[in-house]
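Worksheet for the structure shown next.
The values are calculated or read from the model by the stated rules, or taken from the named source; none is laboratory data. None of the values given here were measured: they were computed from a predicted structure. Quick reminder, even Gly has a Cβ in these numbers, built from the backbone with ideal geometry, and neighbours come from all protein chains shown. Just the protein is used for accessible areas: all its heavy atoms, side chains included, with ligands, DNA and RNA removed. Shrake-Rupley method; radii C 1.70, N 1.55, O 1.52, S 1.80 Å.
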Amino acid sequence: MYRKLAFYIDGEFLGGDAGSGGEVVNPATGQVIGRLPHVGAAELDRAIAAAERAFPGWRRTSPLARSDLLRRVAALVRERAPRVARDITLDEGKPLAEALVEVESCAEHLEWHAEECRRIYGRVIPPRQSGVRQLVVREPIGVCAAFSPWNFPFAQAIRKVAAALAAGCTLILKGPEESPSAVVAIAELFHDAGFPPGVLNIVWGDPAAISRHLITAPAVRKISFTGSVPVGKQLAALAGAHMKRMTMELGGHSPVLVFADADIDRAAAMLARFKLRNAGQVCVSPTRFYVQRAAYPRFLDAFAQAMAETRLGDGLEENTQMGPLANPRRVAAMAALVEDAVGRGGRIVTGGGRRDGQGFFFAPTVLTDLADDARIMQEEPFGPVAPVVPFDTEDEVLRRANALPFGLASYVFTESLKTATRVADGLEAGMVNINHFGMGPAEIPFGGIKDSGMGTEGGAETFDGYLVTKFITQV
Ligand code: NAD
């Protein structure tokens, strides 16, 4: 049985019996597994009013009380993780083990925010005249609107909800319509933990209509979006026109720099596993592989072999290593990138096509003999296609790595401390991983630069987007 879907406004689960809304499809089978009720303008206004009404009381709730509630959610997350994870596999497609890690890791995110919100400090500035007292305080910004994506439907939403609510803000969250179970589960978790009505509201529907309605609503003071660069730019323009603060976590096209002195076999095996996590539908997935010429043949062989050996299947089956893509759009996008590469003289080393039969499967694919202007070298694949090309010098590879407008994650493999230091300094990226993958834990700030977005989630910076600074002076 798949989860009963609903929207959640002012402490009530609504719309569960509605015949309207959108179909939810299992990407491993292509079969409809549920119907998602959508909201209209009236329900959105209800959600905004509920969040606005709840804000004064919630901002006055002590950080300790907010912290206790978040800890209660964390405990419930651990208890309910198997069921939540199973539903994520059903509507998003990732292997069950990956879904379980996604959900369980969020208990820590909740606890991190529960701890950090007790340390939202201000400061005292020494005055120029005696008798003057000068204070800087940080206050919750108000009602927020967030838009979370389908690729990590639980984790991406939890980061936004935990940060907003721990900071003392109230929130209206639009989750991903195609993979909604995780966000419905979040509404249930916060409801059952005892959060007051209106503090968290969940809506579904036409993304463009909802985002326009929420961003232009005077009560909404801040937006947070995770998704593609084009949609992020549209929302940022609208938010800018209405002077709304924003956090944008957008796409990337993460360069991987493998130097000849690296442990090539280890790098190839690690990168193949990491590349195929969630079938490559990860904003920080390694996506452009530059390998120093002396190590290029060996890396290409080892990497292609590891990619080819990956077992595809339904995420609910125990030995599946890679599930289907989340929707048919991604399958078509992969096919178009491969076709473009081959049309320009590129070579398919392994994979290259969709898998026959039911579901939205695409074979793990390695491409090479590509010029830098092939689409796959320019556009984020968001799927299991990996281009591998050689390079000669450090300066050259840095120039090529930084040539795109993205700046999210990056990866370097080298045994040289000097190379690692120079390249880490030279890469235009929000996150640089050297010889391992270290992003994701709650205490680490996560975010990009350039077209990949603005602001960070997690880490000590996690509340920056949800607080405003107020100066108070008195004599
Ligand atoms: P898309 O650009 O249509 O949508 C991306 C996300 O934005 C979806 O969750 C969608 O519901 C939402 N969205 C779309 N229009 C919106 C609007 N006007 N207002 C608010 N939300 C809106 O692409 P897609 O086919 O769903 O996903 C593929 C692309 O999205 C990928 O190429 C990837 O770059 C990007 N993506 C990025 C992340 C990330 O973690 N940064 C996550 C999911 C998708």
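The table that follows gives values for the structure above.
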{"quantity": "Failed criterion for Pro196 (all others in (1) more than 11 Å from the ligand (Cβ to nearest atom); (2) assigned to a helix (DSSP H, G or I) hold)", "calculated": "(2)"}
{"quantity": "Residue under evaluation Arg212, criteria (1) over 18 Å from the mean Cα position of the chain (by Cα); (2) basic (Lys, Arg); (3) more than 10 Å from the ligand (Cβ to nearest atom), criterion not met", "calculated": "(3)"}
{"quantity": "Residue in segment 436-464 that is farthest from Val258 (Cα to Cα), counting only those that are open to solvent by less than 40 Å² (accessible area, probe 1.4 Å) and more than 16 Å from the ligand (Cβ to nearest atom)", "calculated": "Phe463"}
{"quantity": "Any pair with Cβ under 7 angstrom, 6 or more apart, that starts in segment 142-170 at a residue that is in contact (Cβ under 8 Å) with a residue 24 or more places away in the chain and of a type in the set (Val, Ile, Thr) and ends at one that is part of a strand (DSSP E or B) and within 14 Å of the ligand (Cβ to nearest atom)", "calculated": "Val143/Val220; Val161/Leu173"}
{"quantity": "Matching residues in segment 116-151 - criterion: being open to solvent by 70 Å² or more (accessible area, probe 1.4 Å) and under 23 Å from the mean Cα position of the chain (by Cα)", "calculated": "none"}
{"quantity": "Subset of segment 210-224 that is assigned to a helix (DSSP H, G or I) and in contact (Cβ under 8 Å) with a residue 40 or more places away in the chain - its residue that is most open to solvent (accessible area, probe 1.4 Å)", "calculated": "His213"}
{"quantity": "Close pairs (8 angstrom Cβ cut-off, 6 or more residues apart or separate chains): more than 16 Å from the ligand (Cβ to nearest atom) in segment 371-395, polar (S, T, N, Q) and assigned to a helix (DSSP H, G or I) anywhere", "calculated": "Asp372/Gln378; Glu394/Thr419"}
{"quantity": "Segment 235-282, residues that are among the charged types (D, E, K, R) and without any contact (Cβ under 8 Å) to a residue 24 or more places away in the chain", "calculated": "Arg266"}
{"quantity": "Residue that is open to solvent by 50 Å² or more (accessible area, probe 1.4 Å) and under 30 Å from His38 (Cα atoms), where the choices are Arg298, Arg245", "calculated": "Arg245"}
{"quantity": "Some residue of segment 262-271 being more than 13 Å from the ligand (Cβ to nearest atom), open to solvent by 50 Å² or more (accessible area, probe 1.4 Å) and aliphatic (A, V, I, L, M)", "calculated": "no"}
{"quantity": "Members of segment 396-435 found to be open to solvent by less than 40 Å² (accessible area, probe 1.4 Å) and basic (Lys, Arg), listed by number", "calculated": "Arg400"}
{"quantity": "Hits in segment 396-415 - residues which are within 16 Å of the ligand (Cβ to nearest atom) and either of a type in the set (Phe, Trp, Tyr) or closer than 30 Å to Thr320 by Cα (or both)", "calculated": "Phe406, Leu408, Ala409, Ser410"}
{"quantity": "Residue among Phe437, Phe446 that is touching a helix residue (DSSP H, G or I) at 6+ places or on another chain (Cβ under 7 Å), of a type in the set (Phe, Trp, Tyr) and touching a residue at least 40 places away in the same chain (Cβ under 8 Å)", "calculated": "Phe437"}
